[in-house]
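Let me begin by presenting the structure, written as structure tokens, before commenting on it.
The values are calculated or read from the model by the stated rules, or taken from the named source; none is laboratory data. Being a predicted model, the structure only gives us computed values, none of them experimental. Neighbour counts run over all protein chains shown; Cβ positions are idealised from the backbone, glycine included. Quick note on the areas: whole protein, heavy atoms, side chains included, nothing else; ligands and nucleic acids left out. Shrake-Rupley method; radii C 1.70, N 1.55, O 1.52, S 1.80 Å.
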Amino acid sequence: MTTTTAQHRSDVCIVGNGAIAKTAALGFAQSGYSVTLLVPPSRPAPEAPTASAAEKPWDVRVYALNHTAHDLLAGLKVWGALDLARVQAVDAMDIHGDGQQGGNLGFDAFGAHVGTLAWIVEDSNLNGALDAALKFAANVQIVSGCAVDLTCSEAGAGIVLEDGRKIACELVVGADGRESWVRGQCDIGVDYRMYHQRAIVTNFACEKPHHGVAYQWFTCADGIIALLPLPGKQVSLVWSAPETLADTLMDESLGELAIRLGEYADEKLGALRPLQPDAVKAVPLALVRPHSLVAPRVALVGDAAHAVHPLAGHGMNLGFGDIHDLLQVLREREDRRGIADERVLARYARKRKEDVLLMQWATDGLERLFGANLEPVRVVRNFGLNLLDKLPMVKRRLMAHAMGK
């Protein structure tokens, strides 16, 4: 429900309107807390023609959700509400280095002793299931408005909206993205690294079946290309391209983009054909490292807490990991400590430190390594991929971490 009263009180106020914010709201509500979900003022959406699920266009924005995300969403009764006909299991990964003698690294579910490595889920499918679940969450109030002030004291936290309404709570959860307003109000410093790349995302039909395999090519000069499996003979492209190339790709037709991709994909997937002629987006890429995940009465989750390069497809999974660990820390706290207790929030920050640092190190390090256009570096990195492919114990450890296990 959406409320319009002048004053809102709850145990927790979650700021944000994406999948991470909505999941956090459900997680807190189902843990017994009263929740205010503060979302930006809604804009009228253009009326879309009604279509059956089979005819509905495919989102260009998809997520590769790992086992942590799956188990959290299943526990919140959200996974079962997805349109599972539009969810694709990833059974294997095929990773290629650059050059004629490029290295090769493969992962598969059998080697990881699991049924599947990950699941590809569309943004609209995930958000639709979350929205449906929120409608039945009795202790969640959704407030639409623009926040202008955040104050925190021993008595509690308060958020003032542009129209004068106020939200009072014990704990504020910032789930408001890479340019987080909550983080800025807490004066938490941030380290940025602009990658000077943009992620070009769109979808293609493929001539050959993909067999649930996700493909990735580290191309050095052209950036990092990933083709993720979708249901049927369809794939989702995430091309992390240098800005100059990204401009060129966005100026071309998707048919021309498909021809470019043929250099990498023809052998594996055959000819590619655009699913929707104009459905393509370009997203600027950056590494965002806040100096802290917490402040007095504030916890950050999702991109507000960390933004990483999409080459591993785990930015969203880190956000689900944040929610899982924050709720666990709150469940395990001593009875005498409140949910915004300084020591409790410090435990959350410590619990997330290793997972976040490892993912930041891995994605940033790989981007730097494969971005170096020097022959000795090229030889070493391709040798490294081939060597890693022959070390099953190490591969299993890497897969377990990536899957959230």
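Couple of notes before you dig in:
- Residue within segment 238-256 that is outside any loop (DSSP other than H, G, I, E, B), open to solvent by less than 50 Å² (accessible area, probe 1.4 Å), more than 19 Å from P310 (Cα to Cα) and of a type outside the set (D, E, K, R) present: yes
- Looking only at residues in segment 13-59 that are among the charged types (D, E, K, R), out of contact with any Asp or Glu (no Cβ under 8 Å at 6 or more places or on another chain) and farther than 23 Å from R165 by Cα, the one that is modelled with the lowest pLDDT is E47.
- Count of segment 247-286 residues which are under 21 Å from the mean Cα position of the chain (by Cα) and not β-branched (V, I, T): 6
- Check on V213, β-branched (V, I, T), open to solvent by 10 Å² or more (accessible area, probe 1.4 Å) and under 30 Å from V15 (Cβ atoms): no
- Failed criterion for L287 (all others in (1) buried (at least 22 other Cβ atoms within 10 Å of the Cβ); (2) closer than 30 Å to L171 by Cα; (3) among the hydrophobic types (A, V, I, L, M, F, W, C); (4) at pLDDT below 95 hold): (1)
- Qualifying positions in segment 257-284 - in a loop (DSSP other than H, G, I, E, B), open to solvent by 10 Å² or more (accessible area, probe 1.4 Å) and of a type in the set (G, A, S): A271, A279
- A118 vs. criteria open to solvent by 20 Å² or more (accessible area, probe 1.4 Å) and farther than 28 Å from E243 by Cα: no
- Wholly within segment 128-176, strands (runs of 3 or more DSSP E) carrying at least 1 residues that are aliphatic (A, V, I, L, M), closer than 17 Å to I323 by Cβ and in contact with a helix residue (DSSP H, G or I) (Cβ under 9 Å, 6 or more places away or on another chain): 140-144, 171-174
Residue-by-condition table, conditions (1) at negative phi; (2) buried (at least 19 other Cβ atoms within 10 Å of the Cβ):
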site	(1), (2)
A129	yes, yes
A133	yes, yes
T151	yes, no
I159	yes, yes
G177	no, yes
G189	yes, no
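- Residues (open to solvent by 20 Å² or more (accessible area, probe 1.4 Å) and part of a helix (DSSP H, G or I)) located in segment 326-350: Q328, R331, E332, E342, R343, A346, R347, A349, R350
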